[in-house]
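Each remark here refers to the structure printed beneath this line.
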Amino acid sequence: MLREKYAHEVEAILAKYPVKRSAILPLLYLVQQEYGYCAEEGIREVAEITGVSPTEVREVVGFYSLFYDHPIGRHRIQICDDLPCALRGADELVAHAVRRLGVQPGETTPDGRFTLETVMCIGACHRAPAMQVDLEFVENVTPEVFDRIVGDLSRDGM
Amino acid sequence: MGRYILLRHREIPELHRLDVYLRHGGYEAWRKALTSMTPDQVIEEVKASGLRGRGGAGFPTGVKWSFVPKNVFPKYVVVNADESEPGTFKDREIMEGNPHQLIEGALLAAYAIQAERVYVYIRGEYRSVARRLEAAIAEAYAAGLIGRNVLGTNYSVEMFVHLGAGAYICGEETALLESLEGKIGHPRVRPPFPATFGLYGQPTVVNNVETLANVPPIILNGASWYRTMGTEKSPGPKIFCLSGRVRRPGNYEAELGKITFRDLIFGEEYGQGLLGEERTVKAILPAGASAPMLPASALDTPLDYESVQAAGSMLGSASIIVLDDTVDIVWAAYKMVRFFQHESCGKCTPCREGTYWLRRVYERLVAGRGRPKDPELLESIARQMAGKTLCPLGDFATSPVLSSLKHFRKEYEAYIPQPLEAPVAAPAGTVETVPGR
């Protein structure tokens, strides 16, 4: 699948490294782009491309927090509740998000649209509280900002 | 010369564009090194400058470079852009605002050790930052500043960006190398050090983003110019990341040792004081979650490596988190312990198990179910971790615990329910007596 649909990307990734194994992380990002998570089919293909066992690829998936071994929502909302953000209202923001979305951190809304997570420091402590929506920074987040973003993403028709 | 050495984009709009960077002296150091300096001369200049690693350890950069063997090839330079320490957001600003200064510094490091490739390892959460850096690298390639036979010389060098995927431990340089090799981020046993056995077992220099951004001005203006800034043992400029309960959090560039915590927190051109006139500083975290917290009595400590160490902590990455008198220290320590428990890679038993038990004890403390011996228990767990792990994460995790117990032990007592008191004797004459007894 990857080698056909993303032939150009796969080739460009492999060309960056003298050792194929180094391509595992970038290839797993491609897998997540295609399947929405690290699906078994994608893991097997990454193993074939890089010449390691599927078990070794699964180990990598399990180790890094940005890889998922199960389907998640179409949009990932990751609120930092680490100390610097928590000193500026992150815990209250998480409570607001839980109320607004009706799910706990780590859960996905029943319509499959949002996965809510709390995460460790994302390097936005000077504009706290902060979060990432699909890995894009959203900073100085108020409940109003949060509701607007959730509202916009709820109307995207996806 | 402007006010900034590192955060020059604050004075020069659009500095992230190559044409703007070139107009402001960009890549002149690169040209100078390639056309008029030997690799050893570059190393000697950086050594003479006294530049120390800005990622946290403070190790002299030129000395690190000089450890690389001359006759082994290929060699690599790896830029550590895995900025993940709580309270740290300086490398992000450099990469977003002034990416070419990092690229130029990385190229100079590569030339100095005669590396053929540079990898920039950026944390996965900085995907948007990585795109910006990749665009800058592409511009530099197109201008012939990176690639084959750079600027008509016989030196060739490649540069690639590699995205991590969410793991604090990968900021530790040997874990970073493992991760770059496509493995889980477990630190390696040292020695051998990366200088001799690094990426793919080849000689490798790993330097922090801010460290490398210091190199072009050093090569261009010379070590003695650089030493006019900062102190004898901590020369040069430094970016201080200020966060927490301050009015104006942000990155502030200043000479090492020339300002104090008080200047940074209260100064008009810096933090402008706390959130609320009536508030006071309770504690300062000088290096994110990793270094011991200091009480307000340390406010007048100058911000350089030696002074902060003498005050009982470490300057580290200079990520200063301010806790005011509204902050519950036990809660703050719990937040930090929770961070380290989440980020422990699990390789070394004392860290993996120790962070887990620390978190368990803090969870019961903040839930109001603390036990009288919990402070001693926390100290005992911390003692069984410190100095017993391959990388410093195990030590870091004990910092918030031991330092908060040292300076704010009384706050723990508030979390420990007092044993049920003996029934108070009722005033005489009110005791009902049971007939017949």
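The values are calculated or read from the model by the stated rules, or taken from the named source; none is laboratory data. Given the structure is predicted, the values throughout are model-derived calculations rather than measurements. Here the Cβ is made from the backbone with ideal geometry for all residues, glycine too, and neighbour counts use every protein chain on show. We work out accessible area using only protein heavy atoms, side chains counted, and drop any ligands, DNA or RNA first. Shrake-Rupley method; radii C 1.70, N 1.55, O 1.52, S 1.80 Å.
Regarding A:GLY36, is this residue surrounded by fewer than 21 Cβ atoms within 10 Å (Cβ to Cβ) and either small (Gly, Ala, Ser) or facing chain B (nearest Cβ under 8 Å) (or both)? Quick ask: steps written out before the conclusion?
Details: surrounded by fewer than 21 Cβ atoms within 10 Å (Cβ to Cβ): yes; either small (Gly, Ala, Ser) or facing chain B (nearest Cβ under 8 Å) (or both): yes.
Yes; evaluated as a whole, the condition is true for this residue.
Considering region B:137-146 alone, what residues qualify as being away from chain A (no Cβ under 14 Å) and farther than 14 Å from B:ARG31 by Cα?
Result: B:GLU139, B:ALA142.
Going through region A:48-57 one residue at a time, which ones are in contact with a helix residue (DSSP H, G or I) (Cβ under 6 Å, 6 or more places away or on another chain), of a type outside the set (Val, Ile, Thr) and within 11 Å of chain B (Cβ to nearest Cβ)?
Across region A:48-57, the qualifying residue is only A:GLY51.
Is one or more of the residues making up region B:297-315 within 14 Å of chain A (Cβ to nearest Cβ), in a loop (DSSP other than H, G, I, E, B) and either at pLDDT 95 or above or more than 22 Å from A:GLU139 (Cβ to Cβ) (or both)?
No, that holds for no residue.
Across region A:6-26, which residue is surrounded by the fewest Cβ atoms within 10 Å (Cβ to Cβ) among those that are facing chain B (nearest Cβ under 9 Å), hydrophobic (A, V, I, L, M, F, W, C) and part of a helix (DSSP H, G or I)? Full working, then the answer.
Residues of region A:6-26 that are facing chain B (nearest Cβ under 9 Å), as a first pass: A:16-26.
After this cut, where a residue has to be hydrophobic (A, V, I, L, M, F, W, C) as well, the list is A:19, A:23-25.
Keeping just the survivors that are part of a helix (DSSP H, G or I) gives A:23-25.
Details: A:ALA23: 22, A:ILE24: 27, A:LEU25: 24.
Applying the filter and picking the extreme gives A:ALA23.
Would you pick out the residues in region B:156-182 that are facing chain A (nearest Cβ under 7 Å) and more than 22 Å from the chain's Cα centre (by Cα)?
Answer for region B:156-182, where residues must be facing chain A (nearest Cβ under 7 Å) and more than 22 Å from the chain's Cα centre (by Cα): B:PHE160, B:GLU181, B:GLY182.
Can you confirm whether B:ILE321 is of a type in the set (Val, Ile, Thr), farther than 13 Å from A:LEU87 by Cβ, open to solvent by less than 10 Å² (accessible area, probe 1.4 Å) and out of contact with any Cys (no Cβ under 7 Å at 6 or more places or on another chain)?
Working: of a type in the set (Val, Ile, Thr): yes; farther than 13 Å from A:LEU87 by Cβ: no; open to solvent by less than 10 Å² (accessible area, probe 1.4 Å): yes; out of contact with any Cys (no Cβ under 7 Å at 6 or more places or on another chain): yes.
In short, no.
Looking at region A:66-84, is at least one residue over 20 Å from B:SER179 (Cβ atoms) and in a helix (DSSP H, G or I)?
yes
Find the residue count for region B:257-285, including only residues that are surrounded by 17 or more Cβ atoms within 10 Å (Cβ to Cβ) and either of a type in the set (Val, Ile, Thr) or in a strand (DSSP E or B) (or both).
Qualifying residue count, region B:257-285: 9.
I want to confirm something. Restricting to region B:84-129 and keeping residues that are more than 8 Å from chain A (Cβ to nearest Cβ) and of a type in the set (Phe, Trp, Tyr), which single residue is farthest from B:LEU176 (Cα to Cα)?
So, considering only residues that are more than 8 Å from chain A (Cβ to nearest Cβ) and of a type in the set (Phe, Trp, Tyr), the one farthest from B:LEU176 (Cα to Cα) is B:TYR111.
Search region B:403-419 for residues that are more than 22 Å from B:ALA289 (Cβ to Cβ) and pair each with any residue that is among the charged types (D, E, K, R) when their beta-carbon atoms are under 8 Å apart and the residues are at least 6 apart or on different chains.
Matching pairs, first to second residue: B:ILE416/B:ARG371; B:ILE416/B:ASP374; B:PRO417/B:ARG369.
For region B:157-194, which residues satisfy the criterion of being open to solvent by 40 Å² or more (accessible area, probe 1.4 Å), farther than 20 Å from A:ARG58 by Cα and assigned to a loop (DSSP other than H, G, I, E, B)?
B:VAL189, B:ARG190, B:PRO191, B:PRO192, B:PHE193 - these are the residues of region B:157-194 that are open to solvent by 40 Å² or more (accessible area, probe 1.4 Å), farther than 20 Å from A:ARG58 by Cα and assigned to a loop (DSSP other than H, G, I, E, B).
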